[in-house]
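Chemist: Mind looking over this structure? Questions follow.
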Amino acid sequence: MEPSPATGGSETTRLVSPRDRGSAGGGLRLKSLFTETSEPLPEEPKPVEMPFHHCHRDPLPQPGLTPERLQAQKQLGAACAVCCVFMAGEVVGGYLAHSLAIMTDAAHLLADVGSMIGSLFSLWLSTRPATRTMTFGWHRSETLGALASVVSLWMVTGILLYLAFIRLLHSDYHIEGGAMLLTASIAVCANLLMAFVLHQAGPPHSHGSRGAEYAPLDEGPGEPLPLGNTSVRAAFVHVLGDLLQSLGVLAASVLIYFKPQYKAADPISTFLFSICALGSTAPTLRDVLRVLMEGSPRSVGFEPVRDTLLSVPGVRATHELHLWSLTLTYHVASAHLAIDSTADPEAVLAEAASQLHSRFGFSSCTLQVERYQPEMAQCLRCREPPQA
């Protein structure tokens, strides 16, 4: 089969005998001819990052963990290692001392280990890119990790509260005061070390977006804790609860060491400080539920965002305004902007997105621009939602 003449760079073939080509053998062979085109093939365009005035306000994110999350990963890993070592020591010490309070503290450390491992996994999972199924990526896994940390503490504390109540009803137990005192002292040092590792010192800072900065999860008088990651904060609060319990256990161990007849201090300290540990998780649980329920960010109000959009030249009205968060520092907004017939839609879109990004630190904004119609004022779906 020999190529037939063709035009335009196409290819055809036909069967030929080897004798026609002066070669040995009686079989037939396939011959191909690739004719070169007169013009080279066009090169595929390479993806480039668009300038700042394009719809994406932030630079192209780099793969892997951000500096804040990388720091959180290191802190959680170091704290998890410390927790494992001292948890094993408390299990041995609690067994030798026959102390429920020591075993309670060890169980809380076990919950700490599980929650920190879950947080490390969620940090790794959150670096995966967005897909057509998970269009926002995996950012919310960080919030789920914090929720798992809180729930695990509540479950373990509930079991230990039950055991403490049983000990208060029955006094048939003996406690070794010396072993309990030594173990409780080591436990306090361990919790102080973990709290130091998990605490992020220094003022809040950002890298190009206010939405990525260290944001406090709890507002109140005084300086807020500058914790930059939900999982780190949940683990930090977890350790603070354990530290309070360890101090209570230490006080009880001193009392039992010098006054063995007051052995009831062991279950009493377990009961009191377990309740304190449960109360310390309430702010974290509240913030996590606010994120999971698609609530507006605590640091961003509905009215200021609406007024900012209305202040953009050419905007007559706004509706379908939605504010929510993927994490406590990743805020998202979407809205419809009704503009005058003489307004430039591209200019309005650019100005509105710039205002939301610069003033409120939204990480993602989706704005729909449409012509203003008088009937929008009476439309039920265009009305603002009532205040909660």
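The values are calculated or read from the model by the stated rules, or taken from the named source; none is laboratory data. All values derive from a computational prediction rather than experimental measurement. For neighbour counting, all protein chains shown are included, and Cβ atoms are generated from backbone atoms with ideal geometry for every residue, glycine included. Accessible surface areas use protein heavy atoms only, side chains included; no ligands, DNA or RNA. Shrake-Rupley method; radii C 1.70, N 1.55, O 1.52, S 1.80 Å.
Chemist: Enter the Cα centre distance for the pair region 337-386 and region 77-123, rounded to the nearest angstrom.
Modeler: One Cα centre to the other: 52 Å.
Chemist: Let me ask you something else. Under a crude label model (7 Å from the Cα following the beta-carbon direction), how far is residue 128 from residue 368 in nanometres?
Modeler: If labels sit at residue 128 and residue 368, their model points lie 3.0 nm apart.
Chemist: Cα centroid distance between region 277-325 and region 172-201, in Å?
Modeler: If we compute the Cα centre of each part, the gap is 41 Å.
Chemist: Further question on the same structure: Counting Lys and Arg as +1 and Asp and Glu as -1, what is the net charge of the other residues whose Cβ lies under 13 Å from the Cβ of residue 307?
Modeler: Working: positive: 306, 359; negative: 303, 384.
It works out to a net charge of 0.
Chemist: Could I ask something else about it? In what order, largest first, do 74, 263 sit by accessible area if the probe radius is 1.4 Å? Walk me through the numbers on the way to the answer.
Modeler: Numbers: 74 140, 263 50 Å².
Final ranking, largest accessible area leading: 74, 263.
Chemist: For region 241-279, list residues with backbone N below 11 Å from a point placed 7 Å from the Cα of residue 171 toward its Cβ?
Modeler: Answer for this model: 261-264.
Chemist: Over region 302-378, what is the relative contact order in whole percent, taking alpha-carbon pairs under 8 Å and six or more residues apart?
Modeler: Working: 118 pairs, mean separation 25.0, N = 77.
Relative contact order comes out at 32 percent.
Chemist: Using only protein heavy atoms and a 1.4 Å probe, report how much of residue 197 is accessible, in Å² to the nearest 10.
Modeler: Residue 197 has an accessible surface of roughly 40 Å² with all protein chains in place.
Chemist: Determine the gain in length on full extension of the stretch residue 377-residue 322; use 0.36 nm per residue of separation and subtract their C-alpha separation, reporting nm with one decimal. Can you show the working numbers first?
Modeler: Numbers: separation 55, 0.36 × 55 = 19.80 nm, distance 1.87 nm.
Gain on extension, residue 377 to residue 322, equals 17.9 nm.
Chemist: Find out how many positive minus negative residues lie around residue 101, taking Lys and Arg as positive, Asp and Glu as negative, among other residues whose Cβ is under 15 Å from that of residue 101.
Modeler: Values: positive: 167, 263; negative: 90, 105, 176, 242, 266.
With Lys, Arg at +1 and Asp, Glu at -1, the neighbours total -3.
Chemist: In addition: Under a point spin-label approximation (7 Å from Cα along Cα-to-Cβ), what is the residue 199-residue 387 distance to one decimal in nm?
Modeler: 3.8 nm
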